[in-house]
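Okay, structure first, notes after.
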Amino acid sequence: MLKVSDINVYYGNIHAIKDISFEVAKGEIVSLIGANGAGKSTILKTVSGLLRTKTGNITFLDGDIRTAAPNHIVKLGLAHVPEGRRIFLQMTVQENLEMGAYTQKPAALSADLENVYERFPRLRERRRQVAGTLSGGEQQMLAMGRALMSHPTLLMLDEPSMGLAPILVEQIFDIIQELHRAGTTILLVEQNAQMALSIADRAYVLETGRIVMNGTAKEMREDERVQKAYLGM
Ligand code: ATP
């Protein structure tokens with residue numbers, strides 16, 4: 001579904017992503033794990049067209065998206081829930097969701113809202129509330145709901161567990177699994193390797209801009225280096 005081949009991404013002179021290749025097949029949950037600054041967010045931003053790669057290729061559903069505009073990439077069915085949620089804090093919950101529908105036909109809006117509210121009853125209760133007053137977990141739900149408004153077939157989530165209490169992390173991960181069961185393919189970026197490996201099919205480990213290991217989630221969980229560096233064992 002998504003194929004990233006030999007990409008190199010720079011911030012000015014900083015070589016942030018070095019010859020990275022990975023794939024996500026339809027129906028998978030694939031996780032990118034790694035420490036702070038390893039380059040995980042940079043990869044997602046590059047796939048969604050917010051940053052450009054100097055070399056290499058990125059294809060989605062067999063089409064070249066390396067130079068495609070971000071809104072076109074969303075239209076193709078690839079949505080990105082950024083790190084730190086990036087919701088519109090001054091707008092209401094419903095207005096935020098409506099912003100996520102900008103690539104869709106207006107006639108579909110109420111059905112799409114209903115669909116998101118069914119999945120996130122909490123957002124329905126708070127639909128007229130200003131988003132800045134939501135709790136961290138609710139803001140994460142809103143960011144995910146907003147992405148779902150574009151009908152993604154591949155959903156990229158950047159650190160959905162960030163800043164959340166353990167019980168909320170569990171809830172968010174349950175929702176990710178529900179979305180997956182409903183047919184959405186997931187690319188999950190996490191520092192919380194424990195949680196990520198508990199739901200992923202496969203994982204790639206990133207260190208300073210390079211992929212240093214990859215395999216099934218089970219292989220990663222059983223790998224001594226992964227256990228030491230990322231699972232606190
Ligand atoms: P985090 O979880 O902290 O976001 P990450 O694995 O997602 O970590 P990135 O944010 O992708 O890492 O950062 C990768 C590298 O690129 C880091 O060395 C970082 O300092 C650098 N970097 C990120 N954004 C910028 C920027 N806007 N300008 C310059 N360097 C940047």
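The values are calculated or read from the model by the stated rules, or taken from the named source; none is laboratory data. Since we're looking at a predicted model, the values are computed, not measured. Here the Cβ positions follow ideal geometry from the backbone for every residue, glycine too, while neighbour counts run over all protein chains shown. Heads up: the accessible areas ignore ligands, DNA and RNA and are worked out on the full protein's heavy atoms, side chains in. Shrake-Rupley method; radii C 1.70, N 1.55, O 1.52, S 1.80 Å.
From the list GLU28, GLU23, pick out the single residue that is out of contact with any Pro (no Cβ under 6 Å at 6 or more places or on another chain), under 13 Å from TYR204 (Cβ atoms), free of Cβ contacts under 8 Å to residues at least 40 places away in the same chain and charged (D, E, K, R).
GLU23 is the lone residue from the list that is out of contact with any Pro (no Cβ under 6 Å at 6 or more places or on another chain), under 13 Å from TYR204 (Cβ atoms), free of Cβ contacts under 8 Å to residues at least 40 places away in the same chain and charged (D, E, K, R).
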Worksheet item: Taking into account only those residues within region 96-118 that are over 18 Å from ILE73 (Cα atoms) and hydrophobic (A, V, I, L, M, F, W, C), which is most open to solvent (accessible area, probe 1.4 Å)?
Response: ALA107
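Is one or more of the residues making up region 131-150 in contact (Cβ under 8 Å) with a residue 40 or more places away in the chain and open to solvent by 60 Å² or more (accessible area, probe 1.4 Å)?
No, region 131-150 contains no residue that is in contact (Cβ under 8 Å) with a residue 40 or more places away in the chain and open to solvent by 60 Å² or more (accessible area, probe 1.4 Å).
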Fill in: Count of region 27-38 residues which are under 21 Å from THR153 (Cβ atoms) and either open to solvent by less than 10 Å² (accessible area, probe 1.4 Å) or near the ligand (Cβ under 9 Å from one of its atoms) (or both)
4
Item to complete: Give region 1-38 a look and list any residue that's assigned to a loop (DSSP other than H, G, I, E, B) and more than 18 Å from the chain's Cα centre (by Cα), or say none.
Response: GLY12, ASN13
Worksheet item: Quick check: anything in region 39-56 in contact (Cβ under 8 Å) with a residue 60 or more places away in the chain, within 17 Å of the chain's Cα centre (by Cα) and more than 16 Å from the ligand (Cβ to nearest atom)?
Response: no
